[in-house]
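Every read-out reported here was derived from the displayed coordinates using simple, explicitly stated rules and does not represent laboratory data. Computed from a predicted model, the values in this text were never measured in an experiment. Glycine also receives a Cβ, built like all others from the backbone with ideal geometry; neighbour counts cover every protein chain displayed.
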């Protein structure tokens with residue numbers, strides 16, 4: 001017999017067991033999930049919580065029971081961190097969101113990624129410095145990526161010029177089209193400049 005989703009919800013909400021986290025930056029993950037859960041609402045009625053979570057956060061291919069566990073765990077996490085509180089509206093139980101800002105963020109390259117608390121009572125004293133350092137790291141990585149894409153674009157265009165000098169601009173590159181220009185080699189500079197924004201599919 002399938003267990004009632006609300007029972008699963010309350011079990012996850014009131015459990016004292018550690019919450020399974022599918023991420024190396026669990027608080028960033030849960031914080032995003034919480035804000036997605038509430039959307040533009042400051043208040044969610046308890047009897048509607050599962051449906052709201054299922055629609056806003058869950059993959060609708062999964063059951064309501066699956067969403068119940070995640071909803072309960074997310075609210076339990078949020079209570080611990082002071083991000084939501086229980087409320088009563090017209091004698092009915094509800095959940096009130098207390099803070100809409102992200103309190104955690106990711107820093108570091110993917111292989112060494114970690115999280116830091118940037119706001120609230122548990123904020124890292126060095127948060128501002130670490131966030132600025134991360135901004136500069138991302139900018140350097142972005143510049144390196146753009147340079148690599150430009151190099152690859154130039155190499156691809158050189159190869160096209162050697163083997164198919166009359167290759168036409170494809171539909172995938174139509175948004176870069178120049179009036180009166182139909183061949184890729186004639187658009188060389190435009191294409192190379194564009195490679196910093198989107199990977200070119202020549």
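Its relative contact order, with pairs defined as Cα atoms under 8 Å and 6+ residues apart, puts the stretch 1-138 at 26 percent. Over all alpha-carbon pairs in the stretch 31-76, figure out the percentage whose distance exceeds 11 Å. Within the stretch 31-76, distances greater than 11 Å cover 63 percent of Cα pairs. When each of 53, 10 is scored by the number of other beta-carbon atoms lying within 10 Å, the sequence from fewest to most is 10, 53. For the stretch 48-101, the direction-averaged projected area of the alpha-carbon convex hull comes to 4.1 nm².
All alpha carbon pair distances within the stretch 69-157 were sorted into 5 Å bins beginning at 0; the resulting P(r) in whole percents reads 3, 11, 14, 14, 13, 11, 10, 8, 7, 5, 3, 2, 1, 0.
Kirkwood hydrodynamic radius of the stretch 9-126, from the reciprocal of the average inverse Cα-Cα distance over all distinct pairs: 15.0 Å. The slack in the chain from residue 87 to residue 113, taken as 0.36 nm per residue of separation less the alpha-carbon distance, amounts to 5.7 nm.
Suppose the chain between residue 129 and residue 10 were pulled fully straight at 0.36 nm per residue; how much longer would it get relative to their current alpha carbon spacing?
On the way: separation 119, 0.36 × 119 = 42.84 nm, distance 4.03 nm.
Length gained between residue 129 and residue 10: 38.8 nm.
Sort 44, 107, 19 so the one with the fewest other Cβ atoms within 10 Å of its own Cβ comes first.
Working: 44 23, 107 20, 19 16.
By the 10 Å Cβ count, ascending, the order reads 19, 107, 44.
Give the Kirkwood hydrodynamic radius (Å, one decimal) of the stretch 1-61, defined as one over the mean of 1/r across all pairs of different Cα atoms. One decimal place: 13.2 Å for the Kirkwood radius.
Once the piece of chain linking residue 145 and residue 66 is laid out straight, how much longer is it, given 0.36 nm per residue of separation minus the C-alpha distance between them? Present the calculation step by step, with values, prior to reporting the outcome.
Values: separation 79, 0.36 × 79 = 28.44 nm, distance 3.94 nm.
Result for the pair: 24.5 nm of gain on full extension.
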